[in-house]
1. Any idea what angle helix 74-90 forms with the longest principal axis of the chain, computed on alpha-carbon atoms, 0 to 90 degrees, nearest 10?
2. Near ALA14, within a Cβ-to-Cβ distance under 15 Å, what is the net charge of the other residues, with Lys and Arg +1 and Asp and Glu -1?
3. Given +1 on the Cβ of Lys and Arg, -1 on the Cβ of Asp and Glu, and no further charges, what dipole in debye does the chain carry about its Cα centre, rounded to the nearest 20?
4. For the Cα atoms of the chain, what angle does the longest principal axis make with the long axis of helix 103-112, in degrees from 0 to 90, nearest 10?
5. Name the most mobile residue of GLU56, GLU17, GLU91, meaning the one with the largest mean-square fluctuation, in a Gaussian network model of the chain with Cα contacts below 10 Å.
6. For the chain, modelled as a Gaussian network with Cα springs under 10 Å, which listed residue fluctuates most, SER94, SER40, SER103?
7. If the chain between LEU78 and LEU26 were fully stretched, how many nm would it gain, using 0.36 nm times the residue separation less the Cα-Cα distance?
8. Taking Cα atoms, how many degrees apart are the long axis of helix 52-72 and the longest axis of the chain, rounded to 10 and kept between 0 and 90?
Amino acid sequence: MNADLQAALAAARAKVEFHYPWWLRLFLQRNVIGIVLGRSIYIAPAMRERPAEELEQLIRHELEHVRQVARLGLVRFLWRYLAEYAALRREGKSAAAAYNDLSFEREAREAEKA
């Protein structure tokens, strides 16, 4: 992992774990490769074998979610995330399209490029 990304993780007081907590696995779909809970970024173990650039891109994406939660607070973040998703679904968007159109996900995709 490059030094800039390590510094960004330290500044956010975030940590990266290459496993999911056992109880979280009960709720995750098979294709989930990363998720944030608080300041912990959980990455699917198989991602360790991906190219470093791909892994760092994912970590930057998830780190942006850590920052979003820090900025809004967990409850407000979750409320806005779910409300926005529900509104997009009511507009007739598929689950995947609604997810991709979430402002939080657009911000995180922009952060991947940093």
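1. 50 degrees
2. +1
3. Here the size comes out at about 440 debye.
4. 20 degrees
5. Highest fluctuation among the options: GLU91.
6. SER94
7. Going from the current span to full extension adds 16.8 nm.
8. 60 degrees
The values are calculated or read from the model by the stated rules, or taken from the named source; none is laboratory data. Please read these numbers as outputs of a predicted model, since none were measured by experiment. Cβ: placed from backbone, ideal geometry, glycine included. Neighbour counts: every protein chain shown. Please note that ligands, DNA and RNA were not included when accessible areas were found on the heavy atoms of the full protein model with its side chains. Shrake-Rupley method; radii C 1.70, N 1.55, O 1.52, S 1.80 Å.
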